[in-house]
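Engineer: Before anything else, here's the structure in question.
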Amino acid sequence: HIMYERAWRLQRSQPIVEALTLLNYLLANSPSNFHGKLLCLQLYHRLGLTLAAQEAYDALDIKHIQLDSLGYLHCGQLANGGFPGTAKQVYERTLSFFINDHEAYAEFPKASYNFGTFSKLVEMIDFRNRLANSHHFALVTVESLLTLVVGFAGSLAQCLTAYRQARTSKPHDDRIAWDKLHDNRDLTIFLAWDPPSVGIEAEQESNGCPPGVAGDTKPVGAVLDERREAIRVASYAQEYDLLRLRSGLARLVFGLVELHRGQETTDYEQQIRQLRHSWVRTVGEIEAKRYEPSSGRYLVNLLPSRLHLYLRLPYATVFTHLADFLLGTWQGYCCTDGDNDGIANSNG
């Protein structure tokens, strides 16, 4: 933590590399040190080292419910790492937990009812609902579909087959229960050893974050809990809108794919146009909120949401123009077919 503080002040990565060297020495002598592995994962992502972060994530051996409560530490950064194959494997492992877990827990409420433990029945149903409506589950589902676009090395027919197997509904059907989503992230997993901020100058720009003002004292006790909850609320609002952005993009992209398969009607084309307008409207609403990235001041702070990167890039412009081009191409193709049919009928 001290070396990360030094790296932040100097705006250099060398102290972080030294910290990683010490952490790897620690893990060589204490392979079961869970907190040391967490810090390695966090530091690797701070440096943008996706493959090294993947090794740290594998070393954590995260299983079962931890895939939901701790998966955000790694899955949220994979889409930007440039390794779609690696991301696809992690997404599939995470989705396998959610799907199989829902089936496995289906018998528990029945057993609880048969044994008369009704107090546990409510807890089990609530637990199942939190998993079924997990924000992390929804985001990983969307990202796994988008990974098919950039990470599948096969023919078009093979890619379409994989897409049809992975999809849960038609693109124009939104199956995410937005008003029931749960934030199941565990933000207490890190031990906070952040240095006191007394006498520290105003925060410099780092990790794409704008300058901020440091607090007067190091947060401890109840103040730390309040600070953590405030960070969670602000972060979840951004992650919620990130899911809106990525879900809308996935539905638009695969709607265009379905359209150009040549098996859809003009009514379906109107639905895709509505998806296009809805996505543009969503982007405008998110931009109007003017979110601030999470601070890079402390090591155990949440990493900035990917939402800010997408808003800084010509993300919306590229995909909007792509949608307009493909919709125009499809409409022109239909008009040509109609003209040919008319000519054929007149000749007949």
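The values are calculated or read from the model by the stated rules, or taken from the named source; none is laboratory data. Since we're looking at a predicted model, the values are computed, not measured. Neighbour counts run over all protein chains shown; Cβ positions are idealised from the backbone, glycine included.
Engineer: Mind checking which helices (runs of 4 or more DSSP H) fall wholly inside the range 41-89 and carry at least 1 residues that are closer than 22 Å to ALA132 by Cβ?
Structural biologist: Helices (runs of 4 or more DSSP H) meeting the threshold: 66-69, 72-78.
Engineer: Return yes when SER13 is polar (S, T, N, Q), under 24 Å from ALA79 (Cα atoms) and modelled with pLDDT under 95 and no when it is not.
Structural biologist: Working: polar (S, T, N, Q): yes; under 24 Å from ALA79 (Cα atoms): yes; modelled with pLDDT under 95: yes.
Judged against the criteria, SER13 is a match.
Engineer: Looking at the range 135-154, which of its residues are modelled with pLDDT of 70 or more and more than 18 Å from GLY248 (Cα to Cα)?
Structural biologist: Quick first cut of the range 135-154, residues modelled with pLDDT of 70 or more only: 135-151.
If the condition is that a residue be modelled with pLDDT of 70 or more and more than 18 Å from GLY248 (Cα to Cα), then GLY151 is the only one that fits.
Engineer: If GLN14 meets every condition in (1) within 28 Å of SER134 (Cα to Cα); (2) free of Cβ contacts under 8 Å to residues at least 24 places away in the same chain apart from one, which number is that one?
Structural biologist: (1)
Engineer: Given the conditions (1) at pLDDT 85 or above; (2) within 16 Å of the chain's Cα centre (by Cα); (3) aliphatic (A, V, I, L, M), report the number of the one that ALA132 does not fulfil.
Structural biologist: Result: ALA132 passes all but (2).
Engineer: Please determine whether any residue of the range 188-195 is at negative phi, modelled with pLDDT of 75 or more and crowded, with 17+ Cβ neighbours inside 10 Å.
Structural biologist: Checked against the condition, which is being at negative phi, modelled with pLDDT of 75 or more and crowded, with 17+ Cβ neighbours inside 10 Å, the range 188-195 yields at least one hit.
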